[in-house]
Amino acid sequence: MASTNSKSPETKPSGSAFTGKMGYVMAAAASAVGLGNIWRFPYLCAKYGGGIFLVVYLILVFTFGYALLMSETAIGRMTGKSPIGAFKQFSNTKASAFGGWMNAIVPFIICPYYAVIGGWVVKYLVGYCTGETQAMAVDGYFGGYISSNLQPELFFIIFVLLTLVVILGGVQNGVEKVSRIMMPVLIILAVVVSIYSCTRPGAIDGIKYMFIPNIHNFSMMTIVSAMGQMFYSLSLAMGIMITYGSYVDKNQDLEDSTTKIEFFDTLVAVLAGLMIIPAVFAFSGGDPDTLNAGPSLMFVTIPKVLVSMGFGTPAGIVFFLLVFLAALTSAISLTETCVGTLTDELGWGRAKSTLIFGTYAILLGSLASLGYGALGNLKIIGMQVLDFLDFISNSVMMPISALAICILVTRCIGLKTMADEFERNSKFKRKPIYNFSMKYLAPVALIIILISSVLSAFGIISI
Ligand code: PFF
């Protein structure tokens, strides 16, 4: 991809080494489509209201998510810098420096626990390859597995090492090629599995649960979780899209690219929901405990679907291979962002930054991994370590990062300058939505969400 900045190619995020017209779109989509779509979206949708969650999520993605994605990419393209430098360029205040740092720190929190889930995926992939299809579908298998300490820790470390090897080896082009093939295959497989899930007896109730909004299922948590998911899924409020934007060609139509990324990311999330939620109804009759299963949902439901399929073992291998690749490409871009911050801000070499970051990720991730076993008693504000890391990054730090971006855009850069950037080479079609989201919707929603999620975490209110 043509680059417009001063960064050396080896510090580019993995996907951004793409070449050609679709370069940025493919790079951003490879970062965006990951565990968030396939593992996180279905369990949040199941837990926080089904259809009503989906409606809130879609509204957020196409207003607020769109505006933030556009803003971050444009900030990166205008400055040619990653978040800390980009914030500094527009404003030299302490508040702005804090905003830049906040954006840069979020991936440091996410990456370690992301790799723990990546490790679970590796385990399931290995399990299907070694013919454990029946065993993995048995009730209680997943819970027993994650509390078994040694294996989850081992697979977690394998996942981190694989990520580091790719980064150290600088094989971004390999990742690009894999992503290009993988994305279409992922969609096809997701369509096949979701058709299978949706045609099981009883699945229709799941389809209704997922698509027909029921106001009785609405709670403040529906909005809080949908917004956290939007940040997570679109890789927003964590510096990544600013960094990616710094590699985007000045001739690129940002609005068109943003629309493609949003659409693709949402499509994969909805397909993942269709693979899992109808299956919950088909196999467990919509049992509330299963719907509320949280992080374990994919690992519990998909094996049940697969075992009933007849060709479950090969389908399991392909499914978990694709989830693994989606997770790996996202983990690579998360790690690249962290390594980039260390090289830029501390002046460390690339190898040193990667190794130090790897050690840190293994230490923090181990706490999250063992939090389901040996460290089961280690609770932070009543949460297991992994849940806490997810909460603090998604419900606290990302709203602050996003708020910082809104303030930077509206107060320091100005909506007019932003519009000029978007109108460089095409019409700015969703300008009213953009301006409304950045000026009113986003700040108000972010403040409400931030306050309510913190108060609820401390048990002061229940949402
Ligand atoms: N968007 C990714 C997902 O949905 O899994 C997660 C993620 C990847 C966030 C990479 C940030 C990032 F830099």
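The values are calculated or read from the model by the stated rules, or taken from the named source; none is laboratory data. For clarity, every value in this text was computed on a predicted model and none was experimentally measured. Because the Cβ atoms are built from the backbone with ideal geometry, glycine has one as well, and the counts that use them run over all protein chains shown. The protein model used for the area step is the full one, side chains on, heavy atoms only, and it has no ligands, DNA or RNA in it. Shrake-Rupley method; radii C 1.70, N 1.55, O 1.52, S 1.80 Å.
Details
- Between 0 and 90 degrees, the angle of helix 94-129 with respect to the longest Cα principal axis of the chain falls at about 30 degrees.
- Kirkwood hydrodynamic radius of the chain, from inverse mean 1/r over distinct Cα pairs, in Å: 22.1
- Beyond 29 Å in Cα-Cα separation lie the following of the pairs K47/K81; K250/K431; K81/K260; K208/K439; K123/K379; K94/K429: K47/K81; K208/K439; K94/K429.
- Counting heavy atoms of the protein chains alone, S308 has an accessible area of about 50 Å² for a 1.4 Å probe.
- When the square roots of the Cα gyration tensor eigenvalues are ordered a ≥ b ≥ c, the ratio a/c for region 350-463 is 1.5 or more and a/b does not exceed b/c, which makes its shape oblate.
- Net charge of Cβ neighbours under 12 Å - reference Q229; Lys, Arg +1; Asp, Glu -1: 0
- Cut-off 15 Å between beta-carbons: net charge of the residues surrounding D390, Lys and Arg +1, Asp and Glu -1: +2
- Rounded to the nearest 10 Å², the accessible area of F324 at probe 1.4 Å: 30
- Computed with a 1.4 Å probe on the full set of protein chains, the accessible area for W101 sits at about 100 Å².
- Accessible area, probe 1.4 Å, largest first, for residues T301, T63, T93: T93, T63, T301
- Only one residue of V385, G50, V396 has its Cα farthest out toward the positive end of the dipole of the chain, where Lys and Arg carry +1 and Asp and Glu -1 on Cβ, and that residue is V396.
- Here is how the number arises for the chain: DSSP H runs of 4 or more residues each give -39500 (n - 2.57), the sum is divided by the residue count, and the result at 222 nm is -22500 deg cm²/dmol.
- What you get for the chain, charging only the Cβ of Lys and Arg (+1) and of Asp and Glu (-1), is a dipole of about 860 debye around the Cα centre.
- Each of E345, E421 has its accessible area taken with a 1.4 Å probe; listed largest first, they run E345, E421.
- When V55, V116 are compared by accessible area at a 1.4 angstrom probe, the order from most to least is V55, V116.
- Fraction in percent of alpha-carbon pairs per bin - 5 Å, region 226-348: 2, 8, 13, 18, 16, 14, 11, 8, 6, 3, 1, 0
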